[in-house]
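Asks: Please find one structure pasted underneath; my questions will follow.
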Amino acid sequence: MNTRFFLIILFVSFFSILSAKNYDVVVYGSSSAGVTAAVQASRMDKDVLLISTDDHIGGLSSSGLGATDINRHKAIGGMAREFYQRVYNYYKEPSVWEYQEREAYFKSILKRIYTGRSEELKMQWAFEPHIAEMIFRDMLMEAGVKVMFGERLDLSSQVVKEGPRIKSIKMESGLEIRAKIFVDATYEGDLMARAGVKYIVGRESNKTYDEKYNGVIISEKWNHIYGRGEKSIDPYIVPGVPSSGLLPYIDPEIPGEPGSADNGVQAYCFRLTLTDDPANQIPITKPANYNPLLYEALGRKLEMFPEMKLHDRNTDAPNLLTFSKMPNRKTDTNHLDFVGASHEWPEGDYETRDSLYQLHKDHHLGLLWFLKTDPRVPEGMRTEMAKWGLAKDEYEKYNHFPPRIYIREARRMISDYVMTEHNIIGSETVENAVGLGTYAMDSHQVSSFVNEKGEVFEEGKFFITRGVRPYPISYQSIIPSREDCSNLLVPVCLSASHAVYGSIRMEPVYMVLGQSAGIAAVLSINNDQNLADVPYPELYKLLMQNDQIVFPDQITK
C-alpha cells in the first residue's frame with residue numbers, strides 16, 4: 001500500500017469514527033465563550049467536542065483585544081477569573097518580559113485599561129495575543145476536550161432536528177456530528193440560525209422595548225463626524241460639486257427617523273497588534289489594493305484640525321486612534337472602525353465574509369500607510385506613525401495580522417426573555433441569573449450621512465454610563481424559546497436588544513456566560529431534561545460550586 005493511499009484511508013477512517021459517535025456536548029465556535037463552555041462540560045466528565053472553524057483558539061481575546069474592558073474586576077468570577085489569574089501568573093516571570101520591565105509597564109498604564117491588573121485577586125487583563133491563545137489551549141488540553149480544527153457548518157442546509165431538538169449538524173466537508181446538547185459560541189450565531197431559532201440583525205425601534213438608546217441615533221454632542229460646531233468637511237469627491245458623487249461610505253440621507261429600526265450594525269475593525277520595537281517589527285508597507293479615496297475624508301478632517309494627535313492621551317487634543325499599551329512594547333489598537341462596510345457580515349456566506357475580511361484588512365493597512373506617508377497628515381503624526389509596525393512574534397501563520405475581525409454585533413437571538421436597557425438601569429431585574437453585566441451601554445458608529453445642506457453627520461454611536469450598575473443576565477436569554485430549540489445554548493449571540501448588547505458584549509462576560517452554558521448543558525444531560533426545564537435552584541447551586549458571580553450582591557471577594 002503506497003503512502004498516499006494509506007493516508008487517504010486514515011483520513012476517511014478518522015471522519016467515519018467521528019461521524020458515527022454521539023457526543024455529550026458539541027461546542028461550535030472557538031471564541032473565549034466556546035473555550036469556557038467546553039472546558040466546564042469536560043471538567044464535569046462529559047464527552048465534549050469543540051469545533052473551530054480555523055486553527056485559531058480564543059476569538060478576539062487572542063486576536064488583539066488584550067485591553068480587556070473590566071471596569072469591575074471583582075464582578076468577574078469562575079473560569080473567567082481563572083483565565084486572568086493564569087495571565088497574571090505567566091507575567092510574574094521576569095524571563096517573559098523580553099522587551100521591557102514588568103513594573104515599568106504597569107506604571108505606564110496606571111490610569112489606563114482599569115490599571116491592567118489586580119494584585120489583590122492576582123488577575124491581569126492586559127496581555128499579548130499569543131499568550132492568551134497559549135493559555136486557552138492549555139485549559140482545553142488539561143480538561144481533555146477534543147478539538148476539531150478547520151470545520152465549518154454547511155450554510156446551505158438546516159441542521160437535522162427531531163421536533164425542537166437538534167439531532168445532528170452537517171459540516172462543509174460532509175461530516176455529520178451528533179450530540180445531546182449543542183452550544184453556539186460563534187460571534188455570528190450561525191448554528192442558531194441554521195437551527196431555525198428566531199433572531200434579529202440590526203437595531204430595534206425604541207418603541208419595541210420602550211428604550212431610549214435603540215434604533216437610529218444622531219449624536220447631539222458631536223454632530224459633525226469630521227468637524228466640530230458648525231464645521232463640516234465637504235462630502236463630495238470633487239469638493240463643492242455634488243454631481244461628482246459622495247465620498248465612499250457616506251450615505252445620501254439619514255437611514256431613518258431617530259429611534260426607528262433598521263438592519264445596520266455598528267462598525268467592525270481589527271484590533272491590530274503593533275510595536276515600536278525595531279527588533280520585533282514588520283514595517284507597514286503600501287497595500288496592493290491601496291485606495292486613497294477611502295482616506296479622502298480623513299485627509300480633509302486633518303487639514304481642518306491639524307492639532308489632532310495620533311494616540312497621545314496626555315493632551316486635551318483629539319486623538320485619532322487608541323493605542324492601549326500591552327506587555328513587551330505592543331499595542332491593542334482600537335478605533336480603526338470601517339464605518340458602513342460591515343452590514344453584510346452577519347447574514348453573509350463564507351465567500352462574502354472572506355471578501356469583507358480582506359476589505360477591512362486592506363482598509364486598515366492602507367490607513368496606517370496613509371497616516372505614515374500622506375503630506376496632508378501633520379508632520380508630527382507622520383513621524384509618530386513611522387515608529388510603529390506589525391509585531392513580528394504575533395500571528396505568524398497569518399502574516400502577522402489578526403486572524404479574527406472584531407465582530408462587535410451580528411445576529412441576536414430572540415427568546416422568551418430579552419435583556420434590555422431596563423435591566424441595566426435596575427428598573428427590571430431577573431432572578432435566574434447566569435452572569436453579570438457591568439459595562440456602559442456602548443455602540444460604535446453605524447453609518448455616516450449627509451444632510452440637505454451638505455453637512456456630514458455620524459449616526460449610531462453612544463456611550464452611556466449614567467445609571468449603569470452591575471446587573472444579572474437571565475438564563476432564559478442564553479437559551480432559545482422552547483418551541484424553537486430545546487437543546488441549544490447561545491452565550492454570545494444571546495437574547496438582548498441592541499442597546500443593552502453594547503454592554504454585554506465584553507470578552508470576560510462571554511467567558512462567564514460560556515461557563516454557565518457548559519454547566520447548564522451538563523445538568524440538562526444528567527437530569528434528562530430540555531434546557532428550558534432545568535431547575536434554576538440546581539443550576540444556581542452548580543454555578544456557586546464553580547465560583548461564578550451572578551448577582552450584584554455577590555461582588556465582595
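What follows is calculated from the coordinates using simple rules that are stated; it is not laboratory data. These figures come from a predicted structure and were not determined experimentally. When we count neighbours, we look across all protein chains shown, and the Cβ atoms used for this are built from the backbone with ideal geometry, even at glycine.
Asks: So for each of 267-274, 128-135 I average, over its residues, the number of other beta carbons within 10 Å; can you give me the resulting order with the highest mean first?
Replies: 267-274, 128-135
Asks: Also: Please give the length that would be gained between residue 556 and residue 173 if that part of the chain were fully extended, namely 0.36 nm times their separation in residues minus their C-alpha to C-alpha distance (nm, one decimal).
Replies: Taking residue 556 through residue 173 to full extension adds about 133.0 nm, to one decimal.
Asks: So for the range 271-399, Kirkwood radius off the Cα pairs, Stokes-Einstein at 10 °C and 1.306 mPa s: how many µm² s⁻¹?
Replies: 101 µm²/s
Asks: Continuing with the same structure: Give the long-range amide H neighbours of residue 448: residues separated by 5 or more places, or on another chain, with amide H under 5 Å away, using H modelled in the peptide plane at 1.01 Å from N.
Replies: The list, which skips near neighbours in sequence, is 251.
Asks: Relative contact order of the range 263-375, please, whole-number percent, based on alpha carbon pairs below 8 angstrom and at least 6 residues apart.
Replies: Once normalised by length, the contact order is 40 percent.
Asks: Got a sec? How would 551, 449 order by Cβ neighbour count within 10 Å, fewest to most?
Replies: Arranged by neighbour count, lowest to highest, 551, 449 become 551, 449.
Asks: If you find the alpha carbon centre of the range 269-299 and of the range 370-410, how far apart are they in angstrom?
Replies: Rounded to whole Å, the Cα centres lie 4 Å apart.
Asks: Right, next: Amide H of residue 123: which non-local residues (sequence gap of 5 or more, or other chain) have their own amide H closer than 5 Å, using H built in the peptide plane?
Replies: The answer is 118.
Asks: Under a Cβ-only charge scheme (Lys and Arg +1, Asp and Glu -1), can you give me the dipole magnitude of the chain about the Cα centre, in debye to the nearest 20?
Replies: About 980 debye.
Asks: Give a residue-ordered list of calculated ³J(HN,Hα) values for the range 93-109 (Karplus: 6.51 cos²θ - 1.76 cosθ + 1.60, θ = phi - 60°; whole Hz; x for Gly, Pro).
Replies: 6, x, 5, 7, 8, 6, 10, 6, 8, 4, 5, 5, 5, 5, 5, 6, 10
Asks: Go through 181-192, 532-543 and give me the packing order, highest mean Cβ count within 10 Å leading.
Replies: Final packing ranking: 181-192, 532-543.
Asks: Semi-axes of the equivalent ellipsoid of the chain: what are they in whole Å, largest first, if each equals the square root of 5 times a C-alpha gyration tensor eigenvalue?
Replies: 38, 27, 25
Asks: So, counting K/R as plus one and D/E as minus one, what does the shell of residues with Cβ under 14 Å around residue 406 add up to?
Replies: Result for the local shell: -1.
Asks: Another question, if that's okay. Which whole-number percent gives the relative contact order of the chain, counting Cα pairs below 8 Å spaced six or more residues apart?
Replies: 22 percent.
Asks: Now a separate question. Return the distance in nm (one decimal) between the two label points of a simple spin-label model at residue 303 and residue 130, each offset 7 Å from Cα along Cα→Cβ.
Replies: My value for the distance between the label points is 4.3 nm.
Asks: Can you pull out the GluC sites (Glu not before Pro) in the range 265-307 that DSSP calls coil and that have at most 15 other Cβ atoms within 10 Å?
Replies: The qualifying sites are 307.
Asks: Just grab the label-to-label distance for residue 238 and residue 431, each label 7 Å out from Cα along the Cβ direction, in nm (one decimal).
Replies: Label at residue 238, label at residue 431, 6.9 nm between them.
Asks: With θ set to phi - 60° and the Karplus curve 6.51 cos²θ - 1.76 cosθ + 1.60, what are the ³J(HN,Hα) couplings of the range 451-466 in order, to the nearest whole Hz, using x for Gly and Pro?
Replies: Once θ is set to phi - 60°, the couplings for the range 451-466 become 8, 5, 8, x, 9, 9, 10, 8, 8, x, 8, 8, 9, 10, 10, 5 Hz.
Asks: Based on DSSP H assignment, which helices of the chain show an axial Cα extent of at least 24 Å together with a mean Kyte-Doolittle hydropathy greater than or equal to -1.0?
Replies: Span-like helices, by this rule, are 3-20, 350-373, 507-527.
Asks: Once the piece of chain linking residue 396 and residue 282 is laid out straight, how much longer is it, given 0.36 nm per residue of separation minus the C-alpha distance between them?
Replies: Stretched out fully, the residue 396 to residue 282 stretch lengthens by 39.9 nm.
Asks: Related question: Could you give the distance between the Cα centres of the range 415-462 and the range 303-338, to the whole Å?
Replies: Centre-to-centre distance over Cα atoms comes out at 24 Å.
Asks: Give me the extension gain from residue 165 to residue 316: residue separation times 0.36 nm, minus the current Cα-Cα distance, reported in nm with one decimal.
Replies: Extending this stretch completely gives an extra 48.7 nm.
Asks: Hey, what do the phi angles of the range 248-258 turn into as Karplus ³J(HN,Hα) couplings, whole Hz, using 6.51/-1.76/1.60 and θ = phi - 60°, x for Gly and Pro?
Replies: x, 6, 10, 7, x, 7, 4, x, x, 5, x
Asks: Quick one: of the DSSP bridges fully inside the chain, what percent are antiparallel, nearest 5?
Replies: Restricted to the chain, the bridges split so that about 65 percent are antiparallel.
Asks: With a Förster radius of 41 Å, plug the Cβ-Cβ distance of residue 120 and residue 536 into 1/(1 + (r/R0)^6) and report the FRET value to the nearest 0.05.
Replies: 0.85
Asks: What does the charge dipole of the range 132-200 about its Cα centre add up to, to the nearest 20 debye, if the Cβ of each Lys and Arg holds +1 and the Cβ of each Asp and Glu holds -1?
Replies: Using Cβ point charges on Lys, Arg, Asp and Glu, the range 132-200 gives about 420 debye.
Asks: Can you list residues from other chains, or at least 5 along the same chain, whose modelled amide H is less than 5 Å from the amide H of residue 199?
Replies: Excluding prolines and chain starts, which carry no amide H, the hits are 414.
Asks: Highest mean first, how do 149-158, 504-513 rank when packing is the count of other Cβ atoms within 10 Å averaged over residues?
Replies: So the order, starting with the most tightly packed, is 504-513, 149-158.
Asks: Calculate the spin-label point distance for residue 154 paired with residue 373, positioning each point 7 Å from the Cα along the beta-carbon direction, and give it in nanometres.
Replies: The modelled label-to-label distance comes out at 4.6 nm.
Asks: Please give every one of the lysines within straight-line cross-link reach of residue 92, meaning a C-alpha to C-alpha distance under 20 Å, and leave out same-chain neighbours fewer than 8 residues apart.
Replies: Once the sequence-local lysines are set aside, what remains near residue 92 is 107, 122, 325, 330.
Asks: State the Cα centre-to-centre distance between the range 501-528 and the range 55-110 in whole Å.
Replies: 22 Å
Asks: Pick out, in residue order, every one of the GluC sites (Glu not before Pro) in the range 436-484 that is DSSP loop and has at most 16 other C-beta atoms within 10 Å; say none if there are none.
Replies: Sparse-neighbourhood loop GluC sites (Glu not before Pro): 452, 483.
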